[in-house]
Structure formats: structure tokens, C-alpha cells
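Take a look at the structure below.
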């Protein structure tokens, strides 16, 4: 049974009121008009907690959720109604009632709490809010009930998404950032940046922080590339190294988007991913690959030297001895057999010579790359299976030995593929050199193939080419289509990054610009 209290400031009536009383009623009328126009469910309580009146939204809300035991709860004490309402637990109901009571007693100006309505089959969340409203001779407390399920679900979803993103950024060593497009100065940096590079976040907002902390070998390239991409692209990726606070070198892979206003770049936003570990593994694999290839080449040199200097010489001596023996024997039949043996010995000697050349051409060491490749082309042409044209441009002086060997092996493998797989009649090998780059091109008029095929991705020949080029920082491009021939283009820089940096520092020093 809900108690109904008589109270001193029951809702007054204007009819028959004295002039002063009429004046006091005006704020109450304004309050009621305000409550009636409000879209949220509102009940007005007097100082004792009795519900004086409610608006239409309250009546609709009460009809949906059944919060009061009598229609709309008017005339009932809200605190009592709240404590016996079964839409939530007794403990939760008491907490709400106590909070509203503190507002009624003036201990709090407002109170708010959300609870799960257990009477709703679709789990609705209700927000209760109570606030004081003082009239000239009385106080009123406005209590609102609001269904905040969608808002809460959205907030929870966003919070979960934010927590998931935070965990992802922490686990994968990624930090978001934002910068001014014209100056590249950071305007926002995620807190993960401090962990990855060690600099406090406030230092990241200093002018030129990014450029000043780039690795010296990457600074010129990274700034030039970034400036170009900001002007010409809406999205781009960039890898570079930065120097951490403790002098570590950190590799970052940046995924960047550019915001423009009127076509002019204004803001760049991106994620920086710490790929140092993968770069170290890649370097270790590259070093191991280089060692294996170098070990293979050393073994080839040894075998070629033994075949040429030992076995081939012994075969030559055997051939001479057979010839001398043939001059001493009289029977013609025996002499013919010895001549036949001599021919076989000579053929074996020639085969040993060719095998020695394939293992490691002596001309490569003594005459250089151009002569070695030209000899390779002539040898294949003389074999009659394919005609190989050789063309060279510019001089090839001072080409490092590792590049010389790399380019020769690629030419050797490419021509071997022409003979073995393409069915080509004509092939062309071109060598070019300039101040900073060495180029090789091998093309044929053969059957061609699909460059996306499994054999292209996993074939040992192309894998070997890529591995050799990775050691010398070279690149390879394979252009081919079925029935349209094949063209392989190789480019190798003649200067390593360290050499370029050294040259740049030397020039800067000569102009008084060195740091």
C-alpha cells in the first residue's frame, strides 16, 4: 500500500487567490509549462517527495515500464514508489531513492544513476536524474526517467573499440599521429610513441622534431620523398629510420593520408609501425644469404681452379702421351685405336674446361665483366641453339667485384633459361653504366610466360637472382607474356647508402654546414 502524505505546499489553484498569492503562482505555472513541453519523462516533486504532476512523456514512459502502482504516480511519494518498484534489485532501488532523498533535503543539488530494467525482455537501460528547482516560497525537485539503452550501447561499443584499438597498438608497437602538412610539425602523437622511441610526448610537438631525429642516412631521402608525396598523393607509405633517446636505431613504416582544403595539403595523418625487429631479422637473413652465396662462389672458384689447373692439365698430358705412343706403334689398327683414345681425351679436356668456366670464368677476374659476358654470349651462339647479340654502353671501370659477380651470374642464369625454356631463336644482352647505376638487360623472342605464375614466384632461378640482388641493393623487373617473349631488367646502385651519406657529409663540411 503506497502512503499518501498531506503536505503544506500542495499544488495551488489560481481561482480565488489574493494578488500576492497570484504573483507567487506565476513561477509555478512557468515551471509546469516547461515540464509539459519537455520531451523527456519528468515528474515534479514537492519538498516531501510527493509527485505533484507529470508530463505526457512521463505518462507514456510509466505506461511502458510500469514504474508506479497507481496511474502515473501522481499523489504518491516518489521515494516509497521507488523503493518498492520491481524493475531492478532492492539494493539498486534503495540507492536511487537515497540519492533523490539527498536532493530533497538539500544535501545535493542533483543526482543521477543508470540501472538495467530487469522487467524489459530486451534489457533496457534507464537513467534517473533528480535536480532542485527553488520557487519563491517552496522548492521543487524535477525527476526525469530516460531510456538510454542505445546511447549506452553506443558508448560501450566505442569504449570497447577504443580499448581493443589500444591493446592492438600496444601489442603491435604502433602509434597514431597528426601533423601540419606545410611544416611536418606534429599536432597530435599517440602515447605509444614515448614507449617506442623514449622521448616524452611534449618533445614531439617541438618544431622540426621529426626531421631532427631522422637517421642521418635516411634524412635527405625521407624528407624529399615525404614532401613529394604530400603534394602529389592522397595516401602513401614511407619507411625510414629514427634515432631513439637511448641512441637505438628504430625502423618505422608509416601509413599516411593527406587532408586537403581547396586542393592544398593542410593536414597529414598516419600510423607509424615499429618494424625494427622484422628489419633486424631481414638483415640477419640477408647476411646469412650473402654468406651462403659467397661460400658457394668460393667453392666454385676452388673447384674451377682444381679442374683447370689439375685435372685439365693431367688430361692434356694424357693426350700428349697417347699421341707419342701412337707414333711408336707399327700396326695401323692399333694406331687408329690410340688416335681415337686421344680424341676422347681431348673431348674430356674440353668438357672439363667448359665445366670450369661455368663454375667460375677466369675472364671475369682477369678481363672484367664485359669480356666475360661477351664470351658467354659467343659460346652460346657457337653452340647453335640460339643467337645471342651483345651490346655495351659507356665504360665499366671501377665496378665493385661483388656487383661484377652478381651481374654475371644473373646474365648466366637468364641466358640459361632462354636456351632451356623459352625456345627463343634470338636473345639480346645489353650492359649500361653511369655515375651511380649499373644496368643489365636480357631479352628474347621466345614463348614468354605468366609473371604471376607459381614458377615465377618459387622458381630457384628467379629466387637466386633476387637473393643476389638483395645483397648489393639491386632491383629486378621481369616483363613477359605468353607468346610475346621475355625481358629481364636489372639495376644495381654503384654507391651504397653509407657511401652516399659520406659524400653528402663531405660536401656539407666543405661548405661549413656539417653538424
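The values are calculated or read from the model by the stated rules, or taken from the named source; none is laboratory data. As the structure is a computational prediction, the values presented were derived from the model and not from experiment. For neighbour counting, all protein chains shown are included, and Cβ atoms are generated from backbone atoms with ideal geometry for every residue, glycine included.
A quick yes/no check of all residues on (1) surrounded by fewer than 18 Cβ atoms within 10 Å (Cβ to Cβ); (2) at pLDDT below 95; (3) within 21 Å of residue 173 (Cα to Cα):
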residue	(1), (2), (3)
231	yes, yes, no
256	no, no, yes
262	yes, yes, no
273	no, yes, yes
277	yes, yes, yes
280	yes, yes, yes
285	yes, yes, no
288	yes, yes, no
291	yes, yes, no
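Of the residues making up the range 466-475, just one is buried (at least 18 other Cβ atoms within 10 Å of the Cβ), outside any loop (DSSP other than H, G, I, E, B) and modelled with pLDDT of 85 or more, namely 469.
Pairing each residue of the range 442-462 that is assigned to a helix (DSSP H, G or I) with any residue that is at pLDDT 80 or above and surrounded by fewer than 12 Cβ atoms within 10 Å (Cβ to Cβ), provided the two are 6+ apart or on different chains, yields C-beta distances under 8 Å for 456/450.
Filtering the range 335-393 to residues that are surrounded by 19 or more Cβ atoms within 10 Å (Cβ to Cβ) and not in a helix (DSSP H, G or I) leaves 360, 361, 386, 388.
Against the test of being without any contact (Cβ under 8 Å) to a residue 40 or more places away in the chain and in the same structural domain as residue 411 (by TED's automatic domain parsing), the options 345, 295, 372 yield a single qualifying residue, 372.
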